[in-house]
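See below for the structure under consideration.
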Amino acid sequence: MRKVNAIFFIFLTFSLSIKSQTIEGVVKNVDLVEKNVKISILETNNTSFVDENGYFFLDNSTTGELTLLVSNNKSYEKKFKFNIKYGLNVIEINIGNPSYDLDPIVVTGTKTNKRKKDSPVIVNLIDSERLNSIQACNLFEGLNFQPGIRVETNCQSCNYTQLRMNGLGGNYSQILINGKSILSPLTGLYGLEQIPVNMIDKIEVVTGGSSALYGSSAVGGIVNIITRKADKNSHNFELHYGLINNSGSENIISTNSNILSKSKKIGFSVFTNFRDRGFYDHNNDNFSELSKIEDYSIGTSVIINLDKQKIEFNLGNINEYRIGGEMTNQRVEILQQAEERKHKIYFGNLDYNLDLDSKTSLTSFAAFQYTDRTHFTGVRPTESTFEDSIYLSNPPFGNSESQVFQSGAQLNRVVKNHTFSVGCEIIKDEIFDQIKAYDYLIQQGSTTTGGFIQGDWIFLDKLNILTGFRLDKHSMIENLIFSPRIAFNYKLIDNFQFRFSYGTGYRSPQSFDSDLHMTFSGGGISRIEIDSDLKEERSKSFSSSVNYDLLSRKVISGITLQSFHTTLENTFIQEYQGEDDYGQVFLKTNGQSAKVYGLTFDHRLNFNEKIELESSFTMQRSKHSSGVSYSSEIEKTKRFLKTPNTYGYLTLQYIHDNKISLAININNTGKMKLIHYAGAPEQSNDEYFKTKPFNTIDLKFSYTSTLSKLNSKLKYSLGVKNITNDYQNDFDSTRNRDSNFIYGPSTPRYIYININYSSL
């Protein structure tokens, strides 16, 4: 191969001496390159085929704007326009635009590189182009348009967020950064909104039980954030201004820079993000429905590619201040009601990959996350009373620390068409959270040591079977945890797949979880205590799907119908225990069993690279086997609260000449049941509440201009989120409100303008 490349470049050098214009380029899409891609200049009819590495060479005698046609035996065609100058012209053609590519390489489903179409496990992909089309500013907004996923905002005061996958709450899912489970439960309360979108290269989502690979809490599924890395020299600068229903505002400034060495063996990238969002009060009671947020993030990535080795280092820092409740500039301890959070989060990972030979590879890694948090959670008693003097003498300030360290290794071996993987890892997790005024303390450390074995079997290029299991020893669980998995993908024809999977999962009986958030309920503080006999929660998950993809010269389309069924044993529930001196008390204990089941249908379409359409709709049911008590005033209920039976979305984007684009995004949430606690003037009794369905409609218009002299482009975007202002209109008011009584869209009408300057 080295000889071939040497001959190629000698030939190129010689050609430059006799040709006035030369076009040298590379096509970036391995799959299509392997299928004889042809490059033609339409204006001159000059033609070249790319080689096995994607390189091509074209003689040319014409300057100015030329059109290059990329074709693949008439099954694929795409036109690219380039400004060709006198002399050598080096260009790059990416025919695998992620916005419509149906078969990208994914890693999360199997922990190995695998074509999405070949994976026995369904892996949904969110790339940077998709994040841009929906104008996502953070991870929370980016997950809002994914099959089987619903994101929600909880608590009027602090606005912590969570996702629900296949009907299961956020504490049933793992959020990974570069494949590492380093987001602690404490950090995960606000992590969805804290991770900026310009940090993200792509997001891979796997729904269903994944404990066989990822251990505890991977019951509902996996969200893997893959950070940006330097694959070329580039830069990006972005300004964003948003107006929240003519009352609040938001400013975001973000930057990205990538530097790649001439040898392309060393890449360096850095990102920064600054966000400033003001209060928003929807019901004019001077208490916020959207908290004030000041957020600054910075991160860097270094990749070193050697002959058979690859080293990757990532490091990031997030600093956030948020406050909600009474909207004044006074000290928080004298406010009628307030929640204040100050976060300092540090995270990073070091990966080392070694190709021992052409069929054997070894990966080792170490990753960490550290969170330092100070916080205030308080409802002030009536002023000038004895209780008020006690409150002011010992205001409820608190502090938290969490640290997670993870390390491990994985060995992959290819035998014929089969891939075998064996891996081990250790995770150490320590959490400290204290509010002295409420006699509240959580101090807990845990260690999980685990190993897994996986076989990826391919038979006759039609049947792919995935088998494997994981053994975990958790320091809080007496016995070994055995988590098996089996999945298969059968290709009836080339673009038609039938999948089935079965897996088990578990959740460890850790103290701090998203459901341990201290909230305002009926004007007091709601606290959750831990049952001393709390056992791990176990799950069994089944899923099946049928997928069909259509690929033609003008139409790329795909449909998927997926069913899922998850059974939970020893479910974690919160039983109402009464009240103490500080407010209501709930006990986190084990219930009986529960089940979640449903269907998800999604459709993808790209027509002539001008119209992109995606839609998804989920129907599901979630219920406990026996009733759960949330209040002594109302009956028990079997239904999962705040879990709609139906939800879905539709996105539509029109692109004209790569300059003008128009995007319409619609999100639908069906009816759901939640509890509304008494305390506010509007609510005198605890009761269950059933919501009405609601929809959000987003509209975005963009125009891109090319700055040829600067080798850059400017993109101007104007848009409206929730254009119909379909927002919750029955919030509680004043300091005694039930802050958890929040169910509607994350924001009201939101008008924004966005300016993006980036290199070509």
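Of the strands (runs of 3 or more DSSP E) lying entirely inside the range 678-756, the ones with 2 or more residues being among the β-branched types (Val, Ile, Thr) and either in the same structural domain as Asn83 (by TED's automatic domain parsing) or crowded, with 17+ Cβ neighbours inside 10 Å (or both) are found at 694-707. Scanning the range 579-614 for residues that are buried (at least 18 other Cβ atoms within 10 Å of the Cβ) and of a type in the set (Gly, Ala, Ser) gives Gly583, Gly591, Ala594, Gly598. Which residue is modelled with the highest pLDDT, if the candidates are limited to the range 102-129 and must be within 19 Å of Gly208 (Cα to Cα) and among the small types (Gly, Ala, Ser)? The selected residue is Ser119.
Count of the range 590-623 residues, restricted to those that are part of a strand (DSSP E or B) and more than 23 Å from Glu569 (Cβ to Cβ), is 18. Screening the candidates Ile465, Ile481 for the property of being at pLDDT 85 or above, in the same structural domain as Gln584 (by TED's automatic domain parsing) and more than 29 Å from Gln592 (Cα to Cα) yields one hit, Ile465.
Considering only residues of the range 263-288 that are in a strand (DSSP E or B) and surrounded by fewer than 20 Cβ atoms within 10 Å (Cβ to Cβ), which is farthest from the chain's Cα centre (by Cα)?
First, pick out the residues of the range 263-288 that are in a strand (DSSP E or B): 266-277, 280, 287.
Next cut, surrounded by fewer than 20 Cβ atoms within 10 Å (Cβ to Cβ) only: 266, 268, 270, 272, 274, 276.
Details: Ile266: 27, Phe268: 23, Val270: 20, Thr272: 19, Phe274: 19, Asp276: 22 Å.
The selected residue is Ile266.
Considering the range 294-309, and only residues there that are closer than 19 Å to Lys264 by Cβ and crowded, with 19+ Cβ neighbours inside 10 Å, the residue that is nearest to the chain's Cα centre (by Cα) turns out to be Ser301.
Restricted to the range 539-556, and to residues there that are at pLDDT 90 or above and either buried (at least 17 other Cβ atoms within 10 Å of the Cβ) or polar (S, T, N, Q) (or both), the residue that is farthest from Tyr502 (Cα to Cα) is Asn547. Residues that are in contact (Cβ under 8 Å) with a residue 40 or more places away in the chain and basic (Lys, Arg) within the range 696-737 comprise Lys700, Lys713, Lys715, Lys721, Arg735, Arg737, listed in sequence order. Can you find a residue that is touching a residue at least 12 places away in the same chain (Cβ under 8 Å) and closer than 30 Å to Gly378 by Cα anywhere in the range 452-465? So far as the range 452-465 goes, no, none of its residues is touching a residue at least 12 places away in the same chain (Cβ under 8 Å) and closer than 30 Å to Gly378 by Cα.
I'd like to know if the range 45-56 contains one or more residues that are out of contact with any His (no Cβ under 8 Å at 6 or more places or on another chain), at positive phi, at pLDDT 75 or above and part of a loop (DSSP other than H, G, I, E, B). The answer is yes, given that some residue of the range 45-56 is out of contact with any His (no Cβ under 8 Å at 6 or more places or on another chain), at positive phi, at pLDDT 75 or above and part of a loop (DSSP other than H, G, I, E, B).
Out of Thr363, Thr382, I need the residue that is within 29 Å of the chain's Cα centre (by Cα) and of a type in the set (Val, Ile, Thr). Which one? Steps first, please.
Details: Thr382 fails: within 29 Å of the chain's Cα centre (by Cα).
That would be Thr363, the only listed residue that is within 29 Å of the chain's Cα centre (by Cα) and of a type in the set (Val, Ile, Thr).
Of all residues in the range 135-151, one or more are surrounded by 24 or more Cβ atoms within 10 Å (Cβ to Cβ), in a helix (DSSP H, G or I), in contact with a Phe, Trp or Tyr (Cβ under 6 Å, 6 or more places away or on another chain) and modelled with pLDDT of 90 or more. Among the candidates Ile427, Ile486, Ile431, the residue that is assigned to a strand (DSSP E or B) and farther than 30 Å from Lys114 by Cα is uniquely Ile431. Is there a residue being of a type in the set (Gly, Ala, Ser), assigned to a loop (DSSP other than H, G, I, E, B) and under 23 Å from the mean Cα position of the chain (by Cα) anywhere in the range 649-668? There is no residue in the range 649-668 that is of a type in the set (Gly, Ala, Ser), assigned to a loop (DSSP other than H, G, I, E, B) and under 23 Å from the mean Cα position of the chain (by Cα). In the range 465-510, of all residues being within 23 Å of Thr448 (Cα to Cα) and small (Gly, Ala, Ser), the one that is surrounded by the most Cβ atoms within 10 Å (Cβ to Cβ) corresponds to Gly505.
All conditions but one from (1) in a strand (DSSP E or B); (2) at pLDDT below 95 apply to Ser632; the one that does not is (1).
The values are calculated or read from the model by the stated rules, or taken from the named source; none is laboratory data. This one's a predicted model, so the numbers in the text were calculated from it and none came from an experiment. With ideal geometry, Cβ positions are generated from the backbone for all residues, glycine too; neighbour counts draw on all protein chains shown.
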